[in-house]
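Here is the structure we will look at.
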C-alpha cells in the first residue's frame, strides 16, 4: 500500500496538524506502509528530504501566507505528477491550497479528508472557497472527523455524514525530560510555580484571556507560554500593558527537549482558546499523556470538550472568562491531591485509546476498507 499525505506544513515546523501528520506517517511506516508527504516549505525554495521514520517529504517552495493559506503553487504539479502512484491520498484540512491541488491533479487513488477544523473566521475567503470545498467533499471517498461532537456540530459536514468515520487524534508516548533542562526551567523563573501553556500565537488561542487571568494568580506563580506566531509581539505588549510581564512569559518557539522540560516542571497545563477553531486540542492530549492536570475552555461544538473532561482530567471554564479561568487555576494550585487525581485520570484516558498507535491502527483499517471496495463513480468535474 502506498499513501501520500498532503499537509500544509510538516515537522520540524510546529503545529497540531503537523504533529498529527508526523505521528500518523511514523505509525504507518512501522506497519509496513510506504508513506510520502507533500507539503509547503516555509521558504522560497523546493526541498526533498527523509525523516527519522523513513518518510519521504517533498516541500514545495512557498512565498509566504495569505489568509492563512500557503502560497506554494508548486504543490499542484507535484501532486499531479503523483496522481497514479498513491493508493490513498490523505489530505489534511482545512487547506485551500491542498484542495486546489486535488482538483487540479485528479488523483486516481482513494481520497481521504482528515477534517481537523471547519474554516471559521475568514468569511469572505470562505465564500470564495466554498465551491471548491464542496467539490472536494463530494470527491472524497471518506472523511475522518477527530471527534463525534465536532462532526455533529459542523455545518459543513452535515451533508456528508455518511462518509464520516470518527478517529480521535492520538499522541505518542512522552519522551523523558532531561533533568538538567527541568532544573534550568525552574531556575529561570525563580523557583515560582509554573502554569504552562503552549500553542501558535494566534487569535483563537485566548492568550489575551490568560494575560488577564494572571492578575488574579498568587505572586509565587508564573504563566509560561511557549510557541511562535503572528501575535507574539502583541501578546508580549499586552502583558506589559496589564502590568504582568513578569507573571506571564511569552518565551517564543521551543525545541522538543525544552517543551518536555516545561511539561515536567509545571504544576498544570492551561489552554484558554475561545472559539471552535480549537477543534480538538492536541496539546491538551500531550499534557494528559504526561500526567498533567488541565484547565481549558468549554467551547460549544468543539471536540476539546470530549477530549478534556471537566472534573475528570481537570477543570473546564467558559471561554473568554478570565476570572473563571483564574479561579480554576487557583483551585488546582491549592490542591496537590486533586492535581494528582486529575493527572492520573488524564494519563489513563490517553493510554486507553488516545495513543498515536491507536490512531494509526484505526486509520489503516479505514484505508483497507476503502481499498476492498469496488471503485465508485465519482464526479470529477470542475467546481460549480
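Provide the gained length on full extension for the span residue 334 to residue 219, in nm with one decimal, where the gain is 0.36 nm per separating residue minus the Cα-Cα distance. Intermediate results must be reported in sequence, preceding the final value.
Working: separation 115, 0.36 × 115 = 41.40 nm, distance 1.34 nm.
Length gained between residue 334 and residue 219: 40.1 nm.
Would you please classify the overall shape of segment 133-203 from the alpha carbon gyration tensor, given that a ≥ b ≥ c denote the square roots of the eigenvalues, rounded means a/c under 1.5, and beyond that prolate means a/b larger than b/c while oblate covers the rest?
Prolate, because a/c is 1.5 or more and a/b exceeds b/c.
Sorting 153, 273 on the 10 Å Cβ count, fewest up front, what's the list?
153, 273
Separation of segment 242-317 and segment 157-214 by C-alpha centroid, Å?
Each part reduced to its Cα centre gives a spacing of 4 Å.
For segment 119-247, just say rounded, prolate or oblate: build the C-alpha gyration tensor, square-root its eigenvalues into a ≥ b ≥ c, call rounded for a/c under 1.5, and beyond that prolate if a/b exceeds b/c, oblate if not.
Judged from the Cα gyration tensor, segment 119-247 comes out prolate (a/c at least 1.5, a/b above b/c).
In whole Å, what are the Cα extents of the chain along the three principal axes, biggest one first?
Sorted from largest, the Cα extents of the chain read 63, 39, 39 Å.
Please label the shape of segment 179-353 as rounded, prolate or oblate, based on the square roots a ≥ b ≥ c of the eigenvalues of the alpha-carbon gyration tensor (a/c under 1.5 means rounded; beyond that, a/b larger than b/c means prolate, else oblate).
In terms of gyration-tensor shape, rounded.
Per-residue ellipticity at 222 nm for the chain, helices alone: DSSP H runs ≥ 4 residues times -39500 (n - 2.57), over residue total, nearest 500 deg cm²/dmol?
Value at 222 nm, helices only, nearest 500: -12000 deg cm²/dmol.
Which order results if 308, 162 are arranged by neighbouring Cβ count within 10 Å, fewest first?
The fewest-first ordering by Cβ neighbours comes to 162, 308.
Against the longest alpha carbon principal axis of the chain, how many degrees, from 0 to 90 and to the nearest 10, is the axis of helix 256-265 turned?
Helix 256-265 and the main axis of the chain meet at about 40 degrees.
We did not get these values from a lab; they are worked out from the coordinates using the rules stated. Note that the coordinates shown come from a computational prediction; the quantities given were computed from them, not determined experimentally. Quick reminder, even Gly has a Cβ in these numbers, built from the backbone with ideal geometry, and neighbours come from all protein chains shown.
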